[in-house]
Amino acid sequence: MPIYSPPARDMAFVLHDLLNVSASDIPGYGDLDPEMTAAIIEEGGRLATEVFQPLNAVGDREGCTLENGAVRTPPGFKAAFDQLRDGGWTQLDCDAQYGGQGMPHIMGTAMGEIFAAANMSLNMYHGLTHGAYSAIRAHGTEAQKAFWLPKMATCEWTGTMNLTEPQAGTDLGLMRSKAEPQDDGSYRITGTKIFISAGDHDMAENIVHLVLAKIPGGPEGVKGISLFIVPKVLVKEDGSLGARNAVSVGNIETKMGIHGNATCVMNFDGATGYLLGEAHKGLRAMFTMMNEARLAVGLQGLAQAEAAYQNAVIYARERLQGRAVTGAENPDGPADPIIVHPDVRRVLMEGKSFIEGARALTFWAAMLIDRSQRMGDAEAEALVSLLIPVIKGVQTDRGFETAVQAQQIYGGHGYIEENGMSQFARDARIAMIYEGTNGVQALDLVGRKLAASGGKPVMAFFALVKDFIAANADDAALSADFLDPLKAASKDLQAATGYFLKEGMTSPNNALAGAYDFMHLFGHVALGLMWAQMAKAAREALDAGRGDTAFYETKLATGRFYMARILPETMALRARIESGADTVMALPEEAF
Ligand SMILES: Cc1cc2nc3c(=O)[nH]c(=O)nc-3n(C[C@H](O)[C@H](O)[C@H](O)COP(=O)(O)OP(=O)(O)OC[C@H]3O[C@@H](n4cnc5c(N)ncnc54)[C@H](O)[C@@H]3O)c2cc1C
């Protein structure tokens, strides 16, 4: 069966060598010294490996069941969730004012990777709650925050996000759920939502559903959508539980992966709901917490890749097939381990270089979120908003690819369920779809984020790349292996950005046909920047004689692989983008 071990050493490198978190001026970061972060990662990592991970295959095999209108989670999930809750892990980066421990989001992100890698389905019950918590914290009245948040921080009450309806997926303007105002200030919510993750389960005494619905008489389309708090069980004024609300589970979906997470059809039959934020501004309220939610999904892509990759490495060392072309490396055995073969190495290097680059990018983004939330830094918020669709889209696409490639290392054995490699690929697949499909992430990037604030955030990103290259130009080793490739890739990205800014207004199809390629081009440059910065950090650690030479040398070699073998893909992506929409849109619909 698969194993998982938290990448504590690499996380320490990102947090301390690369981002130097404890020296940051962001409130709360001063406490994040290496001892403190290592202790948190070790303690949470133990729960992940000893409790979460062994249940991953159980959840996949047993799935959730619907019995008499209630969802039962797979055997062992409830006890594991109790341990997550009792250990205070759900409260880690929640607001200290509302039941949380007040740790920075970057630590929630590190632990989120570990828990999602160990058991993505189980971790989602907490992840959705965290998303709902953030929405109430950002948009609730003081009374709502005090009433709902403390029990959500502890996951005594979990949370969900109810957007999707059968006819309204990407296009939420088509939504039909309605919310009728009542004399007491509450609303009666009626409608059906589908695909609701963690919509029901047996691990908490209450579930706080956040539901998008339209108040009759409001504006048409997305401008008429409002957001409501709709609890499964009504809560009395003193905080104790009252009667069941008119919320029920219509069905649970049978699906490709994340079997341990209940994906529910939710029926709201005149359920009592409470307006969250302003009427008709529900979508805007959802958007403000989207950075966090999409970062969490990008993190799932990375987490599944990491777990799958770890197992592929073990298998590649153990599986004996063929001989190294350069001469036997295991002469006493019947064959060499497959890790000697260059094509197997290629797969492992692609996985390793993606994962470590993505971890750096995700943690940096979490740091930008902390900077924007804890210091009100608008530039940090604008920059992270630009990076979020890239992180969500690229990391889930490549996370899935990495999981599939790790499965490939197992040959036919990867296709056999009992070896567990198929689950990584099946679980990773959903991250490319929910929280906005990756095609929609690309549209968000090109259609909204590039032009945001007159293009200031994208210019700020280019300036970061340019300044880093200029500041390190005298470093010959860094220049040849890292800065020159980064400069070339950044040129491709700038040219493609210029193409969109020129074409966007006059020929929108040209922009939209290249949006997906652009998202990946941007991802390559962002990961390239991370690798150049990591190389510099590794070199400094070596020069300073900080020990752990093998780790830092490995980091440099992995970075060189990324810059030489992966980054040049920007040339092809740029060429595809600049070919425009003509060939994409050439065929009439009936030719398909
Ligand atoms: C397991 C699972 C869990 C989920 N969890 C939740 C949840 O907790 N809460 C919730 O509210 N929803 C949830 N969803 C729903 C999910 O977010 C939607 O499925 C997703 O946003 C896409 O909507 P759709 O399925 O209706 O596809 P559609 O919107 O019909 O899209 C179909 C295809 O068309 C493309 N497309 C659509 N519009 C455009 C456009 N304008 N330009 C270019 N391409 C376009 C899309 O990229 C996609 O490839 C979940 C779904 C699944 C399968």
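Only the coordinates and a few stated rules stand behind these numbers; no lab work does. Being a predicted model, the structure only gives us computed values, none of them experimental. Virtual Cβ from ideal backbone geometry, glycine too; neighbours counted across all protein chains shown.
Where does the charge balance sit around E156 when Lys and Arg score +1, Asp and Glu -1, over other residues with C-beta under 12 Å from its C-beta? Intermediate results must be reported in sequence, preceding the final value.
On the way: positive: R85, K151; negative: D82, D86, E205.
So the surrounding residues net to -1.
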- So for the stretch 11-119, what are the equivalent ellipsoid semi-axes in whole Å, largest first, each being the square root of 5 times an eigenvalue of the Cα gyration tensor? 31, 16, 10
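Compute the relative contact order of the stretch 358-458 as a whole-number percentage, counting only Cα pairs closer than 8 Å that sit 6 or more residues apart in sequence.
Numbers: 82 pairs, mean separation 29.4, N = 101.
That works out to 29 percent.
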- Computed, not fitted: 222 nm per-residue ellipticity of the chain from DSSP H runs ≥ 4 (each -39500 (n - 2.57)), nearest 500, equal to -16500 deg cm²/dmol
- Dipole of the stretch 303-361 (Lys/Arg Cβ +1, Asp/Glu Cβ -1, origin at the Cα centre): which of I314, F354, H341 lies farthest to the positive side? F354
- Among bridges DSSP assigns within the stretch 81-223, what percent are antiparallel (round to 5)? 40
- Pair R284, V584: separation of 7 Å Cα→Cβ label points (nm): 3.1
- Query: Using 7 Å Cα-to-Cβ label points, what is the Q97/A39 separation (nm, one decimal)?
  - Reply: 2.8
- Task: Run the quick spin-label model on A328 and K78: label points 7 Å from Cα toward the beta carbon, then report their separation in nm to one decimal.
- Result: 5.8
- Task: Compute log10 of I(q)/I(0) for the chain with the Debye formula, placing one identical point scatterer on every Cα and leaving out solvent, at q = 0.07, 0.08, 0.10, 0.11 Å⁻¹, to two decimals.
- Result: -0.43, -0.56, -0.89, -1.08
- Item | Between the stretch 435-482 and the stretch 110-148, the alpha-carbon center distance in angstrom | 29
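Just flag the GluC sites (Glu not before Pro) in the stretch 270-332 sitting in loop per DSSP whose Cβ has no more than 14 other Cβ atoms within 10 Å. Could the numbers behind the result be given before it?
Values: sites: E278, E292, E306, E318, E329; in loops: E278, E329.
Counting only loop positions with at most 14 other Cβ atoms within 10 Å, the GluC sites (Glu not before Pro) in the stretch 270-332 are E278, E329.
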- Item | Given charges at Cβ of Lys, Arg, Asp, Glu: the stretch 436-592 dipole, positive-most of L450, L521, S507 | L450
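Give me the number: length gained by fully extending K466 to E253, i.e. 0.36 nm times residue separation minus the C-alpha to C-alpha distance, one decimal in nm. Could the numbers behind the result be given before it?
Details: separation 213, 0.36 × 213 = 76.68 nm, distance 4.83 nm.
Result for the pair: 71.8 nm of gain on full extension.
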- Based on the alpha-carbon gyration tensor of the stretch 41-198 and its eigenvalue square roots a ≥ b ≥ c, which shape applies: rounded if a/c is under 1.5, prolate if not and a/b is larger than b/c, or oblate? oblate
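Using the Cα gyration tensor of the stretch 88-173, with a ≥ b ≥ c the square roots of its eigenvalues, what is the shape: rounded (a/c below 1.5), prolate (a/b larger than b/c) or oblate (neither)?
Details: a/c = 2.09, a/b = 1.16, b/c = 1.80.
Oblate, because a/c is 1.5 or more while a/b does not exceed b/c.
Can you tell me which of 367-374, 46-53, 528-535 comes out highest on packing, and rank the rest after it, using the mean Cβ neighbours within 10 Å? Mind showing how you got there, number by number?
On the way: 367-374: 22.5, 46-53: 19.9, 528-535: 24.9.
Most protected by this proxy first, the peptides run 528-535, 367-374, 46-53.
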- Query: For the charge dipole of the stretch 47-170, defined by +1 on Lys and Arg C-beta atoms and -1 on Asp and Glu C-beta atoms about the Cα centroid, which residue among G88, A48, T160 has the Cα displaced farthest towards the positive pole?
  - Reply: T160
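Starting with the highest mean, order 280-288, 131-139, 78-86 by the number of other Cβ atoms within 10 Å, averaged over the residues of each peptide. Walk me through the numbers on the way to the answer.
Working: 280-288: 18.4, 131-139: 23.7, 78-86: 16.9.
Those peptides, ordered most packed to least, come out 131-139, 280-288, 78-86.
Highest mean first, how do 236-247, 143-154 rank when packing is the count of other Cβ atoms within 10 Å averaged over residues? Don't jump to the answer; show the numbers that get you there.
On the way: 236-247: 12.5, 143-154: 19.9.
Output ranking for 236-247, 143-154: 143-154, 236-247.
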- Under the classification rounded if a/c is under 1.5, otherwise prolate if a/b is larger than b/c and oblate if not, where does the stretch 423-529 fall, given a ≥ b ≥ c as square roots of the Cα gyration tensor eigenvalues? oblate
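When only DSSP loop residues count, what chymotrypsin sites (Phe, Trp or Tyr not before Pro) in the stretch 170-241 have their Cβ near at most 12 other Cβ atoms within 10 Å?
Values: sites: Y187, F195, F228; in loops: none.
The qualifying sites: there are none.
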- Query: At a Förster radius of 30 Å, what calculated FRET efficiency corresponds to the Cβ-Cβ distance of A246 and A143, to the nearest 0.05?
  - Reply: 0.80
- Query: Using alpha-carbon positions, what is the distance between the centroids of the stretch 187-222 and the stretch 1-58, in Å?
  - Reply: 34
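On a full-extension model of 0.36 nm per residue, what is the gain between R9 and T506, subtracting their alpha-carbon distance, rounded to one decimal in nm? List each step's numbers first, then the result.
Numbers: separation 497, 0.36 × 497 = 178.92 nm, distance 4.99 nm.
The R9-T506 span can extend by a further 173.9 nm.
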